[in-house]
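Report on the structure given below.
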Amino acid sequence: MTTKQIDYCIELSRTLNFSRAAENQFVSQPTFSYQIKLLEEEVGFTIFERSGKGAALTPAGAQFVSFLAGMREDLKRSIEQGQNFSARYKDAISISMMLREAVCFLPEAMRLFAKAFPDVQVVPKFEYENGIDGFLKNETDVLFALKEQTKQIPGITVHDLFESRVYLIARRDDPLAGKNVIKESDLFGRTLMVGGGSPPALRAVQHRLISSGRIDYFNSPDHDTTLTNVAAERGVCLAPGFLSDHSGQFAWIPFDCPESFSCVLCTHRDDSRESLSAFIAILKKLYDEAVAFPL
């Protein structure tokens, strides 16, 4: 399948007229019709029904053309991004994280880095579930992770970034929002949302609370669903501080427990670029200077 065939197919689905579609694509009608026929032979089904009145999409053809249109738009954007990159940048550093909030100083780090390395682009990639796999396949240069996740990853360098503690998330009008620190006893009689891919340290805290037999709980599949449930007054939840967007929408109150989360950046051991080392150093400095910043 060629890009020309894709363009011809999309144009014919728009005009439903072979002559007009061929004219719009600046080719002869026999050439146009032949390319559509080759495409149908390749995919193995009829895309267009022919008649004396023109052409009509088959049900399978309509679905296929919809896919082609999306694919063609993605290709166009990729080409445009490549052109922009080649015109301005000589290199790129990609960083994978589960969500934007995880590395809250990333925008400032990118701004500072751009001053020192204007020809190197920093590209964030948000991969909630498959970030480690992409990193192992060398699809990204930097991985934000919890230290416990890195113990079995070969060929990497681990850079300590910050320690994140456990917080209770509640509505701002919740009575618990007025407290400076939440203790386990404060949650007795409340409903706690658990699960949602919680890291081991958080699961330990959740299990301890549930084992008390003095709180209600239910499982929530992911962090966004949990926050929606908090907003709907269905309960409260515990979460690592690095998930906070610092927007003020919810109250994030420190929870009194010994558990915490060691947040790190991973790089490939054989990646010795000066620009990469400088980028990591900028991020570490921002976090080292984040006195009294809730993490």
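Checking each residue in the stretch 267-295 for being in contact (Cβ under 8 Å) with a residue 24 or more places away in the chain and in a loop (DSSP other than H, G, I, E, B) picks out Arg269, Asp270, Asp271, Arg273, Ala290, Pro294, Leu295.
Filter the stretch 26-42 for residues that are of a type in the set (S, T, N, Q) and buried (at least 16 other Cβ atoms within 10 Å of the Cβ) and give the result.
Within the stretch 26-42, Ser33, Gln35 meet the criteria.
From the list Ile182, Ile132, the lone residue that is among the β-branched types (Val, Ile, Thr), modelled with pLDDT under 90 and buried (at least 17 other Cβ atoms within 10 Å of the Cβ) is Ile132. Residues that are modelled with pLDDT of 95 or more and among the polar types (S, T, N, Q): does the stretch 275-287 have at least one? Yes, that holds for at least one residue. Any residue that is within 24 Å of the chain's Cα centre (by Cα), assigned by TED's automatic domain parsing to the domain that holds Arg172 and closer than 30 Å to Gly189 by Cα - is there at least one of those in the stretch 261-284? Yes - at least one qualifying residue is present in the stretch 261-284.
A quick yes/no check of all residues on (1) surrounded by 15 or more Cβ atoms within 10 Å (Cβ to Cβ); (2) touching a residue at least 40 places away in the same chain (Cβ under 8 Å):
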site	(1), (2)
Arg172	no, yes
Ala177	yes, yes
Met193	yes, yes
Val205	yes, yes
Ser212	no, no
Thr228	no, no
Ala231	no, yes
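Note on the stretch 130-158: among residues that are in contact (Cβ under 8 Å) with a residue 40 or more places away in the chain and among the acidic types (Asp, Glu), the one that is nearest to His223 (Cα to Cα) is Glu148. Counting the residues of the stretch 213-266 that are among the acidic types (Asp, Glu) and assigned to a strand (DSSP E or B) gives 1. Listed residues Gly52, Gly82, Gly70; which is over 34 Å from the mean Cα position of the chain (by Cα) and surrounded by fewer than 14 Cβ atoms within 10 Å (Cβ to Cβ)? So the residue among Gly52, Gly82, Gly70 that is over 34 Å from the mean Cα position of the chain (by Cα) and surrounded by fewer than 14 Cβ atoms within 10 Å (Cβ to Cβ) is Gly52.
The values are calculated or read from the model by the stated rules, or taken from the named source; none is laboratory data. Here the structure is a predicted model, which is why all the values come from computation and not from measurement. As a convention, Cβ positions derive from the backbone with ideal geometry for all residues, glycine included, and neighbour counts pool all protein chains shown.
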